[in-house]
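**Student:** There's a structure below that I have some questions on.
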Amino acid sequence: MKKENLKITELLGMKQEEVALILEISRSHWSMYESGKRNLPTSAKLKLAEILTFVQQPETFWKKQFPFLNEKKNEKKKVLEDLLVMNKHNQLVTNNKLNDIKKKYDISVNRLKVMLYFESNPIELNNNADDLLFEIMNNGAKINLEKKGDLVQMEYEIKLETLKKEEEIIKYKLQNLV
């Protein structure tokens, strides 16, 4: 009995004292009723039944009574639509960064391939600075690989997937907006 009556109190959105006052009984009487130790007087039961019947009317009734509830729905819709736009923008930016990182990574790998070619097929440059030039090119490629490597790419891929899941959630919330 107690669990059911707690739902009644919650359904009414009231405290024990308030329910007791409306039913014209003491708070301790209501408390004992909630715990199943005491019954309500007939007049209190009838009044409670009337109130519960009124409160449990269809949602359409309440939307007419409280137009601000529809305004809240419109506010939620606007917030969700704004979130969706921001999400799309973030996906685009993240995807562009990921593509840029992949492109620079591929360029650096190709640069290392060329460097490997020159190691196995040495050439002589006119200014005798070929060893230094090749070392600088090789180190630059390795540094770029570290900066644009698999771990960085994976981070952006995860971020992009997370944004896609977030988009699904936002769309779901928009479709099921109450």
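**Student:** Among the residues of the range 97-144, how many are at pLDDT below 80, under 30 Å from Lys159 (Cβ atoms) and either in contact with a Phe, Trp or Tyr (Cβ under 9 Å, 6 or more places away or on another chain) or not in a helix (DSSP H, G or I) (or both)?
**Tutor:** Residues that pass the stated criteria total 1.
**Student:** Restricting the search to the range 27-47, which residues are exposed (fewer than 12 other Cβ atoms within 10 Å of the Cβ), in contact (Cβ under 8 Å) with a residue 12 or more places away in the chain and under 17 Å from Lys15 (Cα atoms)?
**Tutor:** Of everything in the range 27-47, just one residue is exposed (fewer than 12 other Cβ atoms within 10 Å of the Cβ), in contact (Cβ under 8 Å) with a residue 12 or more places away in the chain and under 17 Å from Lys15 (Cα atoms), namely Ser35.
**Student:** Among (1) touching a Leu at 6+ places or on another chain (Cβ under 9 Å); (2) within 21 Å of Glu17 (Cβ to Cβ); (3) surrounded by fewer than 12 Cβ atoms within 10 Å (Cβ to Cβ), there is one condition Glu50 misses while meeting the rest; what is its number?
**Tutor:** Of (1) touching a Leu at 6+ places or on another chain (Cβ under 9 Å); (2) within 21 Å of Glu17 (Cβ to Cβ); (3) surrounded by fewer than 12 Cβ atoms within 10 Å (Cβ to Cβ), only one is false for Glu50: (1).
**Student:** Related question: Give me a count of the residues in the range 147-178 that are open to solvent by 100 Å² or more (accessible area, probe 1.4 Å) and modelled with pLDDT under 80.
**Tutor:** Number of matching residues: 2.
**Student:** Sort out which residues of the range 8-26 are surrounded by fewer than 15 Cβ atoms within 10 Å (Cβ to Cβ), closer than 14 Å to Ile51 by Cβ and under 39 Å from the mean Cα position of the chain (by Cα), and write them in order of number.
**Tutor:** Within the range 8-26, Glu10, Leu11, Gly13, Glu18 meet the criteria.
**Student:** Same structure again: Among the helices (runs of 4 or more DSSP H) contained in the range 10-66, which hold 1 or more residues that are β-branched (Val, Ile, Thr)?
**Tutor:** Where helices (runs of 4 or more DSSP H) fall fully within the range 10-66 and carry at least 1 residues being β-branched (Val, Ile, Thr), they are 16-23, 42-55, 59-65.
**Student:** Hey, could you check the range 57-93 for residues that are touching a residue at least 40 places away in the same chain (Cβ under 8 Å) and out of contact with any Asp or Glu (no Cβ under 9 Å at 6 or more places or on another chain) and say which is surrounded by the most Cβ atoms within 10 Å (Cβ to Cβ)?
**Tutor:** Initially, the range 57-93 is screened for residues touching a residue at least 40 places away in the same chain (Cβ under 8 Å), giving 73, 76-77, 80-81, 83-84, 87-88, 90-91.
Checking the rest, the ones that are also out of contact with any Asp or Glu (no Cβ under 9 Å at 6 or more places or on another chain) come to 73, 76-77, 80-81.
Details: Lys73: 13, Lys76: 14, Lys77: 13, Leu80: 18, Glu81: 12.
Among them, the one singled out is Leu80.
The values are calculated or read from the model by the stated rules, or taken from the named source; none is laboratory data. Values in this document were obtained by computation on a predicted structure and should not be read as measured data. For neighbour counting, all protein chains shown are included, and Cβ atoms are generated from backbone atoms with ideal geometry for every residue, glycine included. To get the accessible areas, we keep the full protein, side chains included, count just its heavy atoms, and leave off ligands, DNA and RNA. Shrake-Rupley method; radii C 1.70, N 1.55, O 1.52, S 1.80 Å.
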